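Heads up: the structure comes next, in structure tokens.
The values are calculated or read from the model by the stated rules, or taken from the named source; none is laboratory data. These figures come from a predicted structure and were not determined experimentally. Neighbour counts run over all protein chains shown; Cβ positions are idealised from the backbone, glycine included. What goes into the accessible areas is simple: the full protein's heavy atoms, side chains included, and nothing from ligands, DNA or RNA. Shrake-Rupley method; radii C 1.70, N 1.55, O 1.52, S 1.80 Å.
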Amino acid sequence: MSLNFSLIIPVYNRPNEIEELLESLTKQDFSTDFEVLIIEDGSSDKSDLVVEKYKNQLDLKYFFKENSGAGASRNFGMQKATGNYFIILDSDVIVPEQYLSEVKKAIESNFTDAFGGPDAAHSSFTSLQKAINYSMTSVLTTGGIRGKKQAVGKFQPRSFNLGLSKKAFEKTQGFSKMKNGEDIDLTFRLWENDCETQLIEKAFVYHKRRSTIPQFFKQTYGFGTARPILNKKYPSTAKPTYWFPSLFIIGIGISIILAFFGYNQLLYFYGFYFALIFLDSLVQNTNLYVAFLSLFTTLTQFLGYGLGFLESKFIQKK
């Protein structure tokens with residue numbers, strides 16, 4: 001199969017971020033032509049002038065549509081694309097120069113109808129963004145499911161860095177209308193349609209994620225609300241480990257109450273865990289401040305996901 005890549009990038013009110021991404025795409029060490037489709041999802045702060053700057057350097061197509069969310073915008077882009085293999089990127093990523101070459105090499109040697117790649121923190125990112133990246137990717141926090149090959153079984157691609165063949169898109173009709181968890185939902189439907197997925201370890205992107213703690217909380221809260229919906233929709237995929245963030249947060253509350261009565265053992269456990277987080281982040285980032293911030297981003301992640309999970313499971317209407 002001759003690979004013809006179409007890069008699909010939805011954007012909403014982020015012209016500065018899309019400029020960084022487009023700039024990184026001009027530096028690809030990739031000899032084959034590829035097209036880039038920017039799908040402006042009803043933004044008030046449009047990216048059209050930024051896109052215009054790069055039209056002589058990239059095969060660019062720009063579409064403006066009414067706001068419908070990222071999933072529908074990705075589907076729109078895949079419908080307009082001329083390639084036979086779609087690569088979906090979030091607008092807040094920067095692509096290293098070898099990215100497309102690594103994707104092509106991996107797909108040609110082991111073809112699958114979908115793939116996902118890891119994310120990393122660029123040296124230019126803020127300390128908080130590096131701490132958030134640590135919390136989202138560390139084995140001690142998420143089990144390393146977001147790109148650590150030794151920690152995954154059947155890989156579930158995430159939409160910030162995801163590839164999908166045209167054939168697989170036609171089989172599944174792309175992303176559902178779910179606001180959160182739409183990429184996991186797509187993965188499960190790919191598997192139901194006998195489409196294989198793989199992790200391409202070397203096809204990583206630099207992912208900015210969120211720039212404030214409240215934004216990160218809101219994002220992880222959304223992830224948490226999606227999981228019970230996915231568990232109900234695909235019962236065979238439900239795992240006891242999805243309860244862990246909720247139980248972790250409940251446990252913190254219980255440990256504080258017990259400490260008032262002189263029972264400190266559970267509090268010591270949490271203290272030991274967060275000490276490990278600090279040391280592990282320090283080793284990975286070689287920065288004391290990032291390691292310190294990792295304590296807060298890890299707690300925020302558990303709190304957001306755990307509370308979102310509980311609300312979706314017991315309060316929200318299914």
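Less than 5 angstrom separates the built amide H of Y85 from those of N4, S6, K166, all sequence-distant by 5 or more or on a different chain. Taking the Cα centre of the chain as origin and assigning +1 to Lys and Arg Cβ atoms and -1 to Asp and Glu Cβ atoms, the resulting dipole is close to 1020 debye.
Averaging sequence separations of C-alpha pairs under 8 Å and six or more residues apart, then dividing by the length of the chain, give the relative contact order as a whole percent.
19
Only helices enter this figure: runs of n ≥ 4 DSSP H residues, each worth -39500 (n - 2.57), summed and divided by the residues of the chain, yield -16000 deg cm²/dmol at 222 nm to the nearest 500. Each 5 Å bin, from zero up to the one with the longest distance, holds this percent of the alpha carbon pairs of region 1-64: 4, 17, 32, 24, 13, 7, 3, 1, 0. Under the simplified labelling scheme, the Y268-Y289 pair shows an inter-label distance of 3.5 nm, with each label point 7 Å from Cα along Cα→Cβ. So, R0 is 35 Å and r is the distance between the beta-carbons of Q173 and K55; what FRET efficiency does that work out to, to 0.05? Taking R0 as 35 Å, the efficiency between Q173 and K55 is 0.70.
W243 sits among other residues whose Cβ lies under 12 Å from its own Cβ, and their net charge, with Lys and Arg +1 and Asp and Glu -1, is +3. Taking Cα atoms only, the orientation of helix 127-137 departs from the longest principal axis of the chain by about 90 degrees.
In the structure shown, the pairs K55/K233; K177/K202; K80/K179; K65/K154; K65/K166; K154/K177 are assessed against 32 Å; a Cα-Cα span above that value is assigned to K55/K233; K65/K154.
Go through region 177-273 and name the chymotrypsin sites (Phe, Trp or Tyr not before Pro) that are in a DSSP coil and have 14 or fewer other Cβ atoms within 10 Å of their Cβ.
Sites meeting the loop and neighbour criteria: F261, Y263.
Stokes-Einstein diffusion of the chain at 37 °C, 0.692 mPa s viscosity, Kirkwood radius from Cα pairs, rounded to a whole number: 159 µm²/s. For region 177-246, the Cα-based Rg and Dmax, in that order, read 14.3, 40 Å. Solvent-accessible area per residue in the chain equals 48 Å², computed with a 1.4 angstrom probe and all protein chains kept. Between M1 and D194, the simple spin-label model (points 7 angstrom out along Cα→Cβ) gives 1.4 nm.
Compared with the dominant principal axis of the Cα atoms in the chain, helix 182-192 is inclined by about 70°.
Under the convention that each Lys and Arg Cβ holds +1 and each Asp and Glu Cβ holds -1, the size of the dipole of region 204-302 around its Cα centre is about 520 debye. The modelled label-to-label distance between T241 and S44, using points 7 Å beyond Cα along the C-beta direction, is 4.2 nm. Taking square-rooted eigenvalues a ≥ b ≥ c of the alpha carbon gyration tensor, is region 231-318 rounded, prolate or oblate, where a/c under 1.5 means rounded and, failing that, a/b exceeding b/c means prolate? Oblate, because a/c is 1.5 or more while a/b does not exceed b/c.
Against the chain, whose longest principal axis is taken from its Cα atoms, helix 288-314 shows a tilt of about 90°.
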